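Down below is the structure, laid out as structure tokens.
The values are calculated or read from the model by the stated rules, or taken from the named source; none is laboratory data. The shown structure was predicted, so the numbers you read here are calculated from the model rather than taken from an experiment. No Cβ is skipped: glycine too gets one built from the backbone with ideal geometry, and neighbour counts run over all protein chains shown.
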Amino acid sequence: MPNGVAQHHILSVLVENKFGVLSRVAGLFSRRGYNIFSLAVSPTEDERLSRMTIVVDAESAPLEQITKQLNKVIPVIKITELSPDEAVERELMLATVKAGAETRSQVTELAAIFEAKIVDVGYEAMTLMVAGTPEKLDAISDLLAPFGIVESQRTGRIALSKLARQTTKLRAVKDRGA
Amino acid sequence: MKLTGAQALIKSLEMEGTEVMFGLPGGAILPVYDPLIDSSIRHILVRHEQGAGHMAEGFAHATGRPGVAMVTSGPAATNIVTALCDAYMDSVPIVVITGQVPYAVIGSDAFQECDTVGITMPVTKHNWLVTDPQDIPRYVREAFHVATTGRPGPVLVDVPKDVANQMMDWYWPDAVDLPGYKPNVKGHPKQIKDAARLWGEAHRPVIYAGGGILKARASNALKALAEATGTPVVTTLMARGSFPDDHPQCLGMPGMHGNYTAVTSMQKCDLLIALGSRFDDRVTGKVDSFAPGAKVIHVDIDPAELGKVRRPDVPIVGDCRLVIEELIKAVQSNRQKREWPDLTPWWTQLREWQERHPLHYEQLEDGPLKPQYCIDMLRDHCPDDTIVVSGVGQHQMWSSQRWKFNHPNTWVNSGGLGTMGFAVPASIGAKVGKPDRMVWAIDGDGCFQMTAQELVTASAERIPVKVAILNNAYLGMVRQWQELFYEERYSEVYLSPDLPDYAKWAEAMGCVGFKVETPDDVVPTIEKANQIDDRPVVVDFQVDYREKVYPMVPAGGSNDDIILDPAHDKSVGR
């Protein structure tokens, strides 16, 4: 997985929570030749709606055309493009790493640095769970690689837009102090 | 009121104003065919489900109202996929109802089961699988709404057999509630103003009218706009008839087989006003060299069309008619403020091209019968508002080139998908929708053989369509490409002029059949055919197989490299 997100766009897509919606969206991407880099889907706080976080390969098509075509899918209600500066992004990874008696302590040390949890331990390997930004997951993957990653799975990123800061309020506080 | 799902479905179709539907029953749709007996809806029993789909399309093309088709599950559903895709490409509003195996056994590979919703997802604007009979009125209402609003298109409702048999409480929804579907019909006022300003600076403007004009019923508005600005108009294959061919500002059809003036006017213009058109590759040729000096105003109801192929200088999302009406006002107010460039030099240039490079063919008195001559004679001996339906290939291009379309919705053809076999069933649908009009299908011999059996439907239902087969014994357009681009190596294109015997075949299907072999037999036969009003007529015109469609822009080539008829190219040696 490449570091950074420059060549990718994150779309947060609010859809009706009905069967077949994922298929409609995925089908659109494949038949128009757009590349999905990662995809995460779950219901939202409103059970009638689901949120899809789609990371798209910006090289495969202009983002504008992707969002316009996506908008034509009837159960798609709203599309927000999340730029990395304006979004909170997180991803979860499970990784089984070779960790025999002689390397186990080194792996647990790394896990501690990255605040990864050890969720399973065997004689020759252990499974770590780590959550964080995609960059953090890339970093721990790189550092674990020399020990030997037996298996790993990432969820693909989920993202929400950052909350608006009430700048007017802050100014009001300052004014009062002056 | 308690109804079965099937009764609710038929009642919902009636509520939507369905007067006629095209279909063929089978196992899974059986429950719905029962209440149809007691319905006011006229059902036309087709011989193949593809025919039902194209008939619904022909009906929609001719009337502007949604066509309705109903077929059973499995193979019937797959047979209608071609028509759905055709309607999707050409934005034709049709509503297709399919039967499905009982919901309880979906996914078990039951007899005549197929994933209809999955298969048709890419070729419908939207589709619905009914799982609860209580949803039927709402889904039907939504289906008609989606099919006919915004950019029109095909929709499909898949009804499992057990759901059709279950009871529901009848209701009719007051409104449609689709939170993700709100087409924007009104153009942005600032964009419209910008468009008028840009227009006021253009010395060589061209209006590029597409099928959206017809879908938006904007023909009158287009005429007013063209006249208010003095701008020439090209009408694409899908827009023929949206602006009258006999209007002095009409330049005719652009594109791969467009006339020289229409093609070249777009190449040389400094402003292209695209109204309900989508910069199709058959119009633009090589995109990089299409209309290189032009600024672009692009009006379309589908935002995804704006900037898909060519980035417009002024994009306007909206319904063509509403936007054009606003544009007329904006143009008039702009003209009051300042003087617009004089278009006389542009018109002088256009008239010179028209004179130098007219469409051309030659019919010798004792020579082989020319397909263009047959079309010209049909045109001259049929009423002005005749509906012309064509299939796909040479005959389609000649028909579009030579007919004078002076009324909207008089030209029905398969543009985007290029579906051979479209003409016969679509002409039946058009005649059902417009029974008082004369309907001529102009077909090729290759196309005709794909769906000819629907003439049995036409005979049985007393739908007196007329079919002219331009029989050149070849898959003519393919032959033309092999001649021009494959060094005359003809591969699998010969069909034979008399196998089948078209006139006899027509008679066997309950039609009147004629065969025409010589030029002097053309007009008398057309006159005989036009007299017949109680059953379909088929005329087998045995035409010259060597005739090719010109002008031609080779696929992927630039529109600047248009190939003219070598027999009539006055520019040779220039």
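Can you name the number of the only condition in (1) more than 13 Å from chain A (Cβ to nearest Cβ); (2) surrounded by fewer than 21 Cβ atoms within 10 Å (Cβ to Cβ) that B:Asp115 fails?
(1)
In the range A:53-70, which residues are more than 13 Å from chain B (Cβ to nearest Cβ) and surrounded by 14 or more Cβ atoms within 10 Å (Cβ to Cβ)? Spell out how you get there, then give the answer.
Applying the first criterion (more than 13 Å from chain B (Cβ to nearest Cβ)) to the range A:53-70 yields A:53-60.
Across the range A:53-70, the qualifying residues are A:Thr53, A:Ile54, A:Val55, A:Val56, A:Asp57, A:Ala58, A:Ser60.
One line per residue, one yes/no per condition, for (1) at pLDDT 95 or above; (2) under 30 Å from A:Leu70 (Cα atoms); (3) in a loop (DSSP other than H, G, I, E, B):
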site: B:Asp162; (1), (2), (3): yes, no, no
site: B:Tyr171; (1), (2), (3): yes, no, yes
site: B:Val176; (1), (2), (3): yes, yes, yes
site: B:Tyr181; (1), (2), (3): yes, yes, yes
site: B:Lys190; (1), (2), (3): yes, yes, no
site: B:Lys193; (1), (2), (3): yes, yes, no
site: B:Ala196; (1), (2), (3): yes, no, no
site: B:His203; (1), (2), (3): yes, no, yes
site: B:Val206; (1), (2), (3): yes, no, no
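Residue by residue through the range B:106-117, note down the ones that are charged (D, E, K, R) and in contact (Cβ under 8 Å) with a residue 24 or more places away in the chain.
Start the filter on the range B:106-117 by keeping residues that are charged (D, E, K, R), which leaves B:109, B:113, B:115.
Correct list: B:Glu113 only.
Only one of these conditions is not met by B:Val101: (1) away from every other protein chain (no Cβ under 13 Å); (2) surrounded by fewer than 19 Cβ atoms within 10 Å (Cβ to Cβ). Which number is it?
(2)
If I go through the range B:411-423 residue by residue, how many of them are crowded, with 24+ Cβ neighbours inside 10 Å and either more than 19 Å from B:Ala83 (Cα to Cα) or of a type in the set (A, V, I, L, M) (or both)?
Selection size over the range B:411-423: 2.
Working only within the range A:145-164, note down all residues that are within 12 Å of A:Leu94 (Cβ to Cβ) and either over 19 Å from the mean Cα position of the chain (by Cα) or acidic (Asp, Glu) (or both).
Just the residues of the range A:145-164 that are within 12 Å of A:Leu94 (Cβ to Cβ), to begin with: A:149-155.
Within the range A:145-164, A:Ile149, A:Val150, A:Glu151 qualify.
How many residues does the range B:515-541 contain that are more than 16 Å from B:Ile463 (Cα to Cα) and surrounded by fewer than 21 Cβ atoms within 10 Å (Cβ to Cβ)? Working first, answer last.
Filtering the range B:515-541 for residues more than 16 Å from B:Ile463 (Cα to Cα) gives B:515-528, B:539-541.
Remaining after also requiring surrounded by fewer than 21 Cβ atoms within 10 Å (Cβ to Cβ): B:515, B:517-521, B:523-525, B:527-528.
Of the residues in that region, 11 qualify.
If you take the residues of the range B:127-162 that are over 21 Å from B:Ala8 (Cα atoms) and within 11 Å of chain A (Cβ to nearest Cβ), which of them is surrounded by the most Cβ atoms within 10 Å (Cβ to Cβ)?
Filtering first and then ranking leaves B:Gly153.
Any idea which of B:Ala506, B:Ala458 is buried (at least 21 other Cβ atoms within 10 Å of the Cβ), touching a helix residue (DSSP H, G or I) at 6+ places or on another chain (Cβ under 6 Å) and not hydroxyl-bearing (Ser, Thr, Tyr)? Spell out the reasoning first.
Working: B:Ala506 fails: touching a helix residue (DSSP H, G or I) at 6+ places or on another chain (Cβ under 6 Å).
Sole residue among the options that is buried (at least 21 other Cβ atoms within 10 Å of the Cβ), touching a helix residue (DSSP H, G or I) at 6+ places or on another chain (Cβ under 6 Å) and not hydroxyl-bearing (Ser, Thr, Tyr): B:Ala458.
Scanning the range B:78-112 for residues that are under 20 Å from B:Ala62 (Cβ atoms) and in a loop (DSSP other than H, G, I, E, B), which turns out nearest to the chain's Cα centre (by Cα)?
B:Asp90
Before we move on, is B:Ser242 surrounded by fewer than 24 Cβ atoms within 10 Å (Cβ to Cβ), touching a Ser or Thr at 6+ places or on another chain (Cβ under 9 Å) and farther than 22 Å from B:Asp313 by Cβ? So that I can check it myself, show each step before the final result.
Values: surrounded by fewer than 24 Cβ atoms within 10 Å (Cβ to Cβ): no; touching a Ser or Thr at 6+ places or on another chain (Cβ under 9 Å): yes; farther than 22 Å from B:Asp313 by Cβ: yes.
The answer is no for B:Ser242.
Could you run through the range A:118-136 and say how many residues are touching a Phe, Trp or Tyr at 6+ places or on another chain (Cβ under 9 Å) and closer than 18 Å to A:Ala40 by Cα?
Final tally of qualifying residues: 2.
Given the criteria without any contact (Cβ under 8 Å) to a residue 60 or more places away in the chain, surrounded by 17 or more Cβ atoms within 10 Å (Cβ to Cβ) and within 30 Å of the chain's Cα centre (by Cα), does B:Thr120 qualify?
On the way: without any contact (Cβ under 8 Å) to a residue 60 or more places away in the chain: yes; surrounded by 17 or more Cβ atoms within 10 Å (Cβ to Cβ): yes; within 30 Å of the chain's Cα centre (by Cα): yes.
Considered against the rule, which asks whether it is without any contact (Cβ under 8 Å) to a residue 60 or more places away in the chain, surrounded by 17 or more Cβ atoms within 10 Å (Cβ to Cβ) and within 30 Å of the chain's Cα centre (by Cα), B:Thr120 comes out as yes.
Quickly run through the range A:43-52 and pick out the residues that are within 11 Å of chain B (Cβ to nearest Cβ) and within 20 Å of the chain's Cα centre (by Cα).
A:Leu49
Search the range B:396-422 for residues being among the small types (Gly, Ala, Ser) and within 10 Å of the chain's Cα centre (by Cα), and hand back the single one that is nearest to B:Arg42 (Cα to Cα). Write out each step before concluding.
The initial filter retains those residues of the range B:396-422 that are among the small types (Gly, Ala, Ser), namely B:399-400, B:414-416, B:418, B:421.
Add one more test, that the residue is within 10 Å of the chain's Cα centre (by Cα), and what stays is B:414-416, B:418.
Values: B:Ser414: 25, B:Gly415: 29, B:Gly416: 30, B:Gly418: 29 Å.
Filtering first and then ranking leaves B:Ser414.
For B:Thr131, only one of the following conditions fails: (1) farther than 19 Å from B:Ala430 by Cβ; (2) part of a helix (DSSP H, G or I). What is its number?
All conditions are met except number (2).
Inside the range A:76-85, can you point out the residues that are within 14 Å of chain B (Cβ to nearest Cβ) and of a type in the set (Asp, Glu)?
Selection gives nothing.
Filter the range B:181-229 for residues that are of a type outside the set (A, V, I, L, M) and out of contact with any helix residue (DSSP H, G or I) (no Cβ under 8 Å at 6 or more places or on another chain) and give the result.
B:Lys182, B:Pro183, B:His188, B:Lys190, B:Gln191, B:Asp194, B:Glu201, B:Asn220, B:Lys223, B:Glu227
Taking the criterion of being part of a loop (DSSP other than H, G, I, E, B), in contact (Cβ under 8 Å) with a residue 40 or more places away in the chain and not aromatic (Phe, Trp, Tyr), would at least one residue in the range A:7-19 satisfy it? Reasoning before the result, please.
Quick first cut of the range A:7-19, residues part of a loop (DSSP other than H, G, I, E, B) only: A:7, A:17-19.
Subset that is in contact (Cβ under 8 Å) with a residue 40 or more places away in the chain: A:7, A:18.
Then drop every residue that is not not aromatic (Phe, Trp, Tyr), which leaves A:7, A:18.
Yes - at least one qualifying residue is present in the range A:7-19.
How many residues does the range B:286-339 hold that are within 22 Å of the chain's Cα centre (by Cα) and within 14 Å of chain A (Cβ to nearest Cβ)?
Residues meeting the conditions: 10.
Just the residues that are within 14 Å of chain B (Cβ to nearest Cβ) and either of a type in the set (S, T, N, Q) or in a strand (DSSP E or B) (or both), please, taken from the range A:28-42. Let's see the steps before the verdict.
Quick first cut of the range A:28-42, residues within 14 Å of chain B (Cβ to nearest Cβ) only: A:28-34.
Once the filter is applied, which keeps residues that are within 14 Å of chain B (Cβ to nearest Cβ) and either of a type in the set (S, T, N, Q) or in a strand (DSSP E or B) (or both), the range A:28-42 yields only A:Ser30.
Which residue pairs have Cβ atoms closer than 7 Å, lie 6 or more positions apart in sequence or on different chains, and pair a first residue in the range B:176-204 that is farther than 29 Å from B:Val140 by Cα and more than 14 Å from every other protein chain (Cβ to nearest Cβ) with a second residue that is among the aromatic types (Phe, Trp, Tyr) and not in a loop (DSSP other than H, G, I, E, B)?
Pairs found: B:His203/B:Trp346; B:Arg204/B:Trp346.
Can you name the residue in the range A:91-110 that is assigned to a helix (DSSP H, G or I) and among the charged types (D, E, K, R) and is also nearest to A:Leu160 (Cα to Cα) among such residues?
Here is the first cut: in the range A:91-110, the residues assigned to a helix (DSSP H, G or I) are A:104-110.
Those still in the list that are among the charged types (D, E, K, R) too: A:104, A:109.
Details: A:Arg104: 36, A:Glu109: 31 Å.
Looking at residues that are assigned to a helix (DSSP H, G or I) and among the charged types (D, E, K, R), I get A:Glu109.
Going by the structure shown, is A:Ile77 surrounded by 14 or more Cβ atoms within 10 Å (Cβ to Cβ), closer than 29 Å to A:Phe19 by Cβ and at pLDDT 90 or above?
yes
Exactly one of (1) more than 22 Å from B:Leu24 (Cα to Cα); (2) within 11 Å of another protein chain (Cβ to nearest Cβ) is unmet by B:Met89. Its number?
That leaves (2) as the condition not met.
Of these, A:Val88, A:Val73, which one is part of a loop (DSSP other than H, G, I, E, B) and either away from chain B (no Cβ under 14 Å) or in contact (Cβ under 8 Å) with a residue 40 or more places away in the chain (or both)? Don't jump to the end; show me each part of the working.
On the way: A:Val88 fails: part of a loop (DSSP other than H, G, I, E, B).
Of the residues listed, the single one that is part of a loop (DSSP other than H, G, I, E, B) and either away from chain B (no Cβ under 14 Å) or in contact (Cβ under 8 Å) with a residue 40 or more places away in the chain (or both) is A:Val73.
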